[in-house]
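Chemist: Have a look at this one before I ask anything.
The values are calculated or read from the model by the stated rules, or taken from the named source; none is laboratory data. Bear in mind the structure is a predicted one, so any value in this text is a computation, not a measurement. Note: ideal-geometry Cβ built from the backbone for every residue, glycine included; neighbour counts use all protein chains shown.
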């Protein structure tokens, strides 16, 4: 889960004249009901995850060809620059707040440090065998000093960004693979969430478990197929840190057939209580793979599955149904919000990285 720094991002839209230096943008005017597809960036293999860098100049995606791909959003037709070092699929990406360092998490059990904006051939600056089996998630603290990772080995680890030293190895709290991890905006707590919907809150300084939250509604076990299914697929804090949103699925009547409903469990962080269960309307089938809390207070959810790809928009105080839905051309597998607050990136099974804009098509880009 990528955190955003207090700095000015680059102008994004390809239809504008290209610029050579980042220009300031602002989130004023974000209107989810006007969301439209602004740009498609192409790769030749399915994409798994995506993330904007904190400056807003680049967008990255992890691919099934074992690479990370980078596109320069200031170019009219940017090539998909390959970052090659993983020996398995890349499942998650995170950045230091200055945008200089990218961390990638792979199915090879490795965390890799990269220079995010390198001009030459990208090469790792550090590679760590972080977990036994898949590394499912990676995140960076807002102050840029710590990284946290989680994986199929049911462990959560906290690392020093500067030297890659392991500071805490958090074990024993999860009985199933850990899918998502995120630092609270105050920097004092870390949350990890697993296949069973178990959410553990850790004290960062000591590595001690503080308490648990329950998102088990996102988990099911199918005895006939003998499948554990569901879990927290992504999580996001509100900018103030008073809310936590966890994305996943409900009603997995046929897990192997991907018959399930996307859903989001929404928590009051201070009380440690669930305050809403957000569902898709109209029988939409799929998984809520990605979620972001917009600074204007609404939630954006990326859905992918047998019902196709969609962006769902919710107001947490009106949880009964999404207030807007935008359909995408192909199954969405990941989501990120650009620092300008106007653009969304979605990674797709057809190899496209799609950028959607939350403003009328006739309205000039914010600058």
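Chemist: So which residues in region 38-73 are free of Cβ contacts under 8 Å to residues at least 24 places away in the same chain and assigned to a loop (DSSP other than H, G, I, E, B)?
Modeler: First, the residues of region 38-73 that are free of Cβ contacts under 8 Å to residues at least 24 places away in the same chain: 65, 67, 72.
Of everything in region 38-73, just one residue is free of Cβ contacts under 8 Å to residues at least 24 places away in the same chain and assigned to a loop (DSSP other than H, G, I, E, B), namely 65.
Chemist: Further, regarding this structure: For residue 93, state whether it is on the phi < 0 side of the Ramachandran plot, touching a residue at least 24 places away in the same chain (Cβ under 8 Å) and assigned to a loop (DSSP other than H, G, I, E, B).
Modeler: Numbers: on the phi < 0 side of the Ramachandran plot: yes; touching a residue at least 24 places away in the same chain (Cβ under 8 Å): yes; assigned to a loop (DSSP other than H, G, I, E, B): no.
Answer is no for this residue.
Chemist: Please name all residue pairs, on different chains or six or more residues apart, with Cβ atoms under 8 Å, provided the first residue is in region 127-138 and is under 21 Å from residue 334 (Cα atoms) and the second residue is modelled with pLDDT under 95 and part of a loop (DSSP other than H, G, I, E, B).
Modeler: 137/1
Chemist: Please specify each residue of region 227-241 satisfying the condition of being closer than 14 Å to residue 299 by Cα and either touching a helix residue (DSSP H, G or I) at 6+ places or on another chain (Cβ under 7 Å) or crowded, with 20+ Cβ neighbours inside 10 Å (or both).
Modeler: Scanning region 227-241 gives 234, 235, 236, 237.
Chemist: Residues that are more than 20 Å from the chain's Cα centre (by Cα) and at pLDDT below 95: does region 228-237 have at least one?
Modeler: Yes, region 228-237 contains at least one residue that is more than 20 Å from the chain's Cα centre (by Cα) and at pLDDT below 95.
Chemist: Please work out if residue 176 is touching a strand residue (DSSP E or B) at 6+ places or on another chain (Cβ under 6 Å) and either buried (at least 24 other Cβ atoms within 10 Å of the Cβ) or within 17 Å of residue 241 (Cα to Cα) (or both).
Modeler: Working: touching a strand residue (DSSP E or B) at 6+ places or on another chain (Cβ under 6 Å): yes; either buried (at least 24 other Cβ atoms within 10 Å of the Cβ) or within 17 Å of residue 241 (Cα to Cα) (or both): no.
Criteria not met by residue 176.
Chemist: Of all residues in region 87-129, which are crowded, with 20+ Cβ neighbours inside 10 Å and more than 20 Å from the chain's Cα centre (by Cα)?
Modeler: Selection gives 122, 128.
Chemist: Can you tell me how many residues in region 242-267 are closer than 25 Å to residue 181 by Cβ and surrounded by fewer than 14 Cβ atoms within 10 Å (Cβ to Cβ)?
Modeler: Final tally of qualifying residues: 1.
Chemist: How many residues does region 44-54 hold that are surrounded by fewer than 24 Cβ atoms within 10 Å (Cβ to Cβ) and either out of contact with any strand residue (DSSP E or B) (no Cβ under 6 Å at 6 or more places or on another chain) or closer than 18 Å to residue 344 by Cβ (or both)? Spell out the reasoning first.
Modeler: Pass one, region 44-54, residues surrounded by fewer than 24 Cβ atoms within 10 Å (Cβ to Cβ): 44-46, 48.
This time we only want the ones that are either out of contact with any strand residue (DSSP E or B) (no Cβ under 6 Å at 6 or more places or on another chain) or closer than 18 Å to residue 344 by Cβ (or both), so: 44, 46, 48.
Of the residues in that region, 3 qualify.
Chemist: Between 137, 224, which is under 21 Å from residue 97 (Cα atoms) and out of contact with any helix residue (DSSP H, G or I) (no Cβ under 6 Å at 6 or more places or on another chain)? Can you show your working first?
Modeler: Values: 224 fails: under 21 Å from residue 97 (Cα atoms).
None of the others qualify; the one that does is 137.
Chemist: Okay, next question. Can residue 220 be described as modelled with pLDDT under 95, farther than 24 Å from residue 327 by Cβ and either within 19 Å of the chain's Cα centre (by Cα) or outside any helix (DSSP H, G or I) (or both)?
Modeler: Values: modelled with pLDDT under 95: yes; farther than 24 Å from residue 327 by Cβ: yes; either within 19 Å of the chain's Cα centre (by Cα) or outside any helix (DSSP H, G or I) (or both): yes.
Here the answer is yes, as residue 220 does meet what is asked.
Chemist: Could you grab me the full set of residues in region 295-308 that are more than 22 Å from residue 240 (Cβ to Cβ) and buried (at least 24 other Cβ atoms within 10 Å of the Cβ)?
Modeler: Filtering region 295-308 for residues more than 22 Å from residue 240 (Cβ to Cβ) gives 302-308.
Matches in region 295-308: 302, 303, 304.
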